[in-house]
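Heads up: the structure comes next, in structure tokens.
Derivation of every value follows stated rules applied to the coordinates shown; laboratory data play no part. Being a predicted model, the structure only gives us computed values, none of them experimental. Note that we place each Cβ from the backbone using ideal geometry, even for glycine, and neighbour counts take in every protein chain shown.
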Amino acid sequence: MVVEIKKKIGIPRSLLYYKYFPLWKTFFEELGLEVVVSDKSNSKIVEIGGRYAIDEICIPLKLYYGHLVNLLEKDIDYIFVPRYISTTFGTYMCPKFLGLPDLIRGTMDNLPPIIEMDVDLRKKPKYASAIQTGRQLHRSLRQIRKAYEKAIKTYHYFRNLMVKGLTFQQAMNIINKNIENFEPKPRKHNGVKIAVIGHGYNIHDPFINMNLFKKLRSMKVQVVTLENLPLEIFKKQTIITNTLKNYWGNEEEILSAVNYLFQDKTLDGLIFICSFCCGPDSLIDELITRDAKKLNIPYISLVLDEHSGQAGVITRIEAFVDMIIRKKRGQKITKEVLIQTPPSQFQG
Amino acid sequence: MVLVETKVPSDIEGDLYLGIDVGSVSTKFAIINDNMELIYATWARSQGSPIKSVQKGFEEMKNSLDSIESQIRGVGTTGSARYLTKALVGADIAKTEIIAHAVAASYYIPGVRTILEIGGQDSKVILLKDGIITDFAMNTICAAGTGSFLDHQAHRLGVPIEKFGELAAKSTVDVVIAGRCTVFAESDMIHKQQMGHSKEDIIKGLCEALVRNYLNNVCKGKKLEPPITFQGGVAANSGIRRAFEKELGCEIIVHKYFLTMGAIGAAMLAREHVLHEDIKTNFRGFRVSDMKFIPKAFNCKDCPNQCEVTYVEKGDGEIIARWGDRCGKWSL
């Protein structure tokens, strides 16, 4: 019997991996390829990434380079570098996503053939992007159609798992183990509910965000991310003012999520994670700050880069959570334990 | 060491709570009783290791207050070395400086709305309403608005930092110094010296530069409502206080306990915690000063992260704290 050796396609565990990986994985596997993912982000990947990328760029993109180099050690035949231009009507992705394959080609010359995928929902349907990618691998239209349909199905399954309350990692485990029809049990919480919002590649990469989720869980906080929210809230375009519409794709999603969360009466606080140097994020940070202030919702934004000290991040998070807990407990705590106003002779 | 407050040991009755604030530059101790009265408070510059500074503080307490040791019902720690200190002394809770400062300030200055806290290596602003923290901020990527900035400049000018306030008061001319960055502040300061400005005017300019930097960086977009109080080591500097008053247009309250507010807050939080949870304290006692603690470290080679794992061993070989690993397999 002849054993067919599958060609390997490498996917960096970086950027839109944290959004579309189940889709990509199913698509390439259905086309008969073996999908290889780079290692989890670590100091070495950050260091190597920093060497390739220009200094002024955001840390997620620096990490992308690091992950590409990491993949080269894994003996791959192709490397997948998608070009996401627009994923919802009326918006654009950040320019770095628009030019990603060109950026990579321009700075690295030891790569295996790059497989591209242009996603531009302003101009062409998703299926057209699938054909473009499948054709580069010399697959027939029938094969591509079948792979595409399965990939979309997997992606919806993955998204629904998270809407039902799974974390990114839990949903990913189910996809990677090919478990079908998984029904997550609804979990009961009766503590502090904090939403952590931002780009998937900052939120779900514990290396970039310094294990923020572990810290929050150790403080017994219920964490909500953008992906846990109902899908229909992302379908309407957000309006900033009567004349101003949002232009950025990823930020559109963040703003929709924040608008929805700000109407949730059970929400105790919001943490916004963004990377240093991210232009679009710096704009919406300001918008969210203003709304949070108006609505009196505790809000903090954490700006991260490769030089961020862990101590500063942890102190901020601890103080933020303690602030919320004390506020909530303020009404409940027994009188004698409450800190009372001192007699006048102690007032300085 | 500065003795901020002390009462005669024979007068001290009832349960006591100890708060320890170990920051980057100084170590503070405070003891309160069940009625929240301050019994004892000290401030000292940390010399070398935080372990030594904490032990030294205990030695002083052992000498002057040995009889009250058994009355201590709860211990709280705060400051950047709060976890290490908690492990060393067997504290009951470790809380951030933000919470500790807010709790103590809202006790001593009822109705306080804004706390400006400037310490050795970081600066914070805390906003409160009805004794509850509503917002806070810390300096992020720049140390230009902190005590170390002033320490640096004082060193360059050859003036002891303690004299800063006094000298700034003698200034007659307004000199604007670029305070965005310590490096550029030095360039600007040298330029102003070469232009013939007096030391006093430059010092006042520096104080104003720090305040501008703090307000622009840390307090960005926040509404600072009076009453405003100023805490942390830099509050000792009257030049900075006057610069704040000039910039904010209102009185800045510096409470007599400003140096040890964090430690007092930690003691109050320990009291609250022990009473609320109804627990017995883990406190090792004043003998912490005689115990042997050996800090050690190694590089974990198990993955490319190569984390620096540090740990503290007690004299008998027991490991009382271990951290520094990203994955959590070493953490204790």
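Can you list, largest first and rounded to whole Å, the semi-axes you get for segment A:192-329 by taking the square root of 5 times each eigenvalue of its Cα gyration tensor?
Working through the eigenvalues yields semi-axes of 23, 18, 14 Å.
If the reach is capped at under 18 angstrom between alpha carbons, list the aspartates and glutamates near A:Lys235, excluding any in the same chain fewer than eight residues apart.
A:Asp120, A:Glu227, A:Glu251, A:Glu252, A:Glu253
Mean projection of the alpha-carbon convex hull of segment B:110-254 over all orientations, in nm²?
8.0 nm²
Counting other beta carbons within 10 Å of each residue's own, what order do B:Asp151, A:Asp102 fall into, fewest first? Before the final figure, lay out the partial values.
Numbers: B:Asp151 16, A:Asp102 13.
Ranking B:Asp151, A:Asp102 by Cβ neighbours within 10 Å, fewest first, gives A:Asp102, B:Asp151.
Counting pairs of alpha carbon atoms under 8 Å apart in space and at least six apart in sequence, what relative contact order in percent does segment A:158-246 give?
31 percent
Counting C-alpha atoms alone, how compact is segment A:128-258: give Rg to one decimal and Dmax as a whole number, in angstrom.
When restricted to Cα atoms, segment A:128-258 yields Rg and Dmax of 17.9, 54 Å.
Counting other Cβ atoms within 10 Å of each Cβ, which trypsin sites (Lys or Arg not before Pro) in segment B:214-248 have at most 12 and sit in a DSSP loop?
B:Lys220, B:Lys223
Taking the number of other C-beta atoms within 10 Å as the exposure measure, put A:His138, A:His204 in order starting with the fewest.
The fewest-first ordering by Cβ neighbours comes to A:His138, A:His204.
Nearest 20 debye, what's the magnitude of the dipole of chain A about its Cα centre given +1 on Lys and Arg Cβ and -1 on Asp and Glu Cβ?
1280 debye
Using Cα pairs closer than 8 Å and at least 6 residues apart in sequence, work out the relative contact order for segment B:200-325, in percent.
Computed over segment B:200-325, the figure is 14 percent.
Would you calculate a helix-derived [θ] at 222 nm for chain A, using -39,500 (n - 2.57) for each DSSP H run of n ≥ 4 and dividing by the full residue count, to the nearest 500? Present the calculation step by step, with values, prior to reporting the outcome.
Numbers: 13 runs with 154 residues, N = 348.
Helices in chain A give a 222 nm mean residue ellipticity of -13500 deg cm²/dmol.
Taking the Cα centre of the protein assembly as shown as the origin and placing charges on Cβ (Lys, Arg +1; Asp, Glu -1), which of B:Ile126, B:Ile68, A:Ile314 is farthest toward the positive end of the dipole?
A:Ile314
Using only the Cα atoms of chain B, what do you get for the radius of gyration and for Dmax, in Å?
Reported Rg and Dmax, both Å: 21.1, 65.
So how strong a dipole does chain B carry about its Cα centre when Lys and Arg Cβ are +1 and Asp and Glu Cβ are -1, to the nearest 20 debye?
800 debye
Please give me, ordered by residue number, the trypsin sites (Lys or Arg not before Pro) of segment A:241-292 that lie in loop per DSSP and have at most 10 other Cβ atoms within 10 Å.
Values: sites: A:Lys245, A:Lys265, A:Arg290; in loops: A:Lys265.
In loop regions of segment A:241-292 (DSSP not H, G, I, E or B), the sparsely surrounded trypsin sites (Lys or Arg not before Pro) are A:Lys265.
Taking 7 Å along the Cα-to-C-beta vector as the label spot, tell me the A:Thr241-B:His276 distance in nanometres, rounded to one decimal.
4.3 nm
Sum -39500 (n - 2.57) across every DSSP H segment of at least 4 residues in chain B, then divide by the residue count to get the 222 nm mean residue ellipticity, nearest 500.
Numbers: 9 runs with 113 residues, N = 332.
My calculation for chain B gives -10500 deg cm²/dmol from helical runs alone.
Between rounded, prolate and oblate, where does segment A:8-176 land on the alpha carbon gyration tensor, with a ≥ b ≥ c its root eigenvalues, rounded for a/c under 1.5, else prolate if a/b exceeds b/c?
It is rounded, given that a/c, with a ≥ b ≥ c, falls under 1.5.
If contacts are Cα pairs under 8 angstrom and at least 6 residues apart, what is the relative contact order of segment B:1-144 in percent?
In percent, rounded to a whole number, it is 19.
Quick check on segment B:35-176: what are the equivalent-ellipsoid semi-axes from the Cα gyration tensor, as sqrt(5λ), descending, whole Å? Each step should come with its number before you reach the end.
On the way: eigenvalues 185, 97, 52 Å².
Here the semi-axes work out to 30, 22, 16 Å.
I'd like to know which of A:Asn42, A:Ala147, A:Leu111 lies farthest towards the positive end of the charge dipole of chain A, counting +1 on Cβ of Lys and Arg and -1 on Cβ of Asp and Glu.
Going by the charge dipole, the pick is A:Ala147.
Using only the alpha-carbon atoms of the protein assembly as shown, report the extent along each of the three principal axes, biggest first, to the nearest angstrom.
If we take the Cα atoms of the protein assembly as shown, the spans are 92, 63, 49 Å.
For A:Arg142, what charge total do you get from the other residues with a beta carbon under 15 Å from its beta carbon, if Lys and Arg give +1 and Asp and Glu give -1? Let's see the in-between values first.
On the way: positive: A:Arg135, A:Arg139, A:Arg145, A:Lys146, A:Lys150; negative: A:Glu30, A:Glu149.
Result for the neighbourhood of A:Arg142: +3.
Taking a cut-off of 27 Å, what percent of all Cα-Cα pairs in segment B:178-332 are separated by more than that? Walk me through the numbers on the way to the answer.
Details: 6876 of 11935 pairs.
Above the 27 Å cut-off, segment B:178-332 has 58 percent of its Cα pairs.
Shape verdict for segment A:230-307, please, from the Cα gyration tensor: rounded (a/c under 1.5), prolate (a/b greater than b/c) or oblate. Working shown, then result.
Numbers: a/c = 1.57, a/b = 1.13, b/c = 1.38.
Oblate is the answer for segment A:230-307, as a/c is 1.5 or above yet b/c matches or exceeds a/b.
Taking R0 as 45 Å, what FRET efficiency do you get between B:Glu318 and A:Asn110 from their Cβ-Cβ distance, rounded to the nearest 0.05? Write out the running numbers ahead of the final one.
Details: r = 51 Å, r/R0 = 1.14.
The calculated FRET efficiency here is 0.30.
DSSP loop (so not H, G, I, E, B), at most 13 other Cβ within 10 Å: list which GluC sites (Glu not before Pro) in segment A:44-104 pass both filters.
Those satisfying the criteria are A:Glu56, A:Glu73.
For a test of the definition: using alpha carbon positions, the gyration tensor, and the 1.5 limit on a/c, classify segment A:1-98 as rounded, prolate or oblate. Could the numbers behind the result be given before it?
Details: a/c = 2.75, a/b = 1.29, b/c = 2.14.
Here segment A:1-98 falls in the oblate category.
Quick one: of B:Lys62/B:Lys292; A:Lys6/A:Lys214; A:Lys153/A:Lys214; A:Lys96/A:Lys177; B:Lys192/B:Lys246; A:Lys19/A:Lys236, which pairs are farther than 27 Å apart, Cα to Cα?
Values: B:Lys62/B:Lys292 16 Å; A:Lys6/A:Lys214 38 Å; A:Lys153/A:Lys214 31 Å; A:Lys96/A:Lys177 32 Å; B:Lys192/B:Lys246 22 Å; A:Lys19/A:Lys236 20 Å.
Beyond 27 Å between Cα atoms: A:Lys6/A:Lys214; A:Lys153/A:Lys214; A:Lys96/A:Lys177.
Taking the Cα centre of each part, how many Å lie between segment B:1-60 and segment B:161-202?
Measuring centre to centre over Cα atoms gives 36 Å.
How much space per residue, in cubic angstrom, does the convex hull of the C-alpha atoms of chain A take up?
Value for chain A: 179 Å³ per residue.
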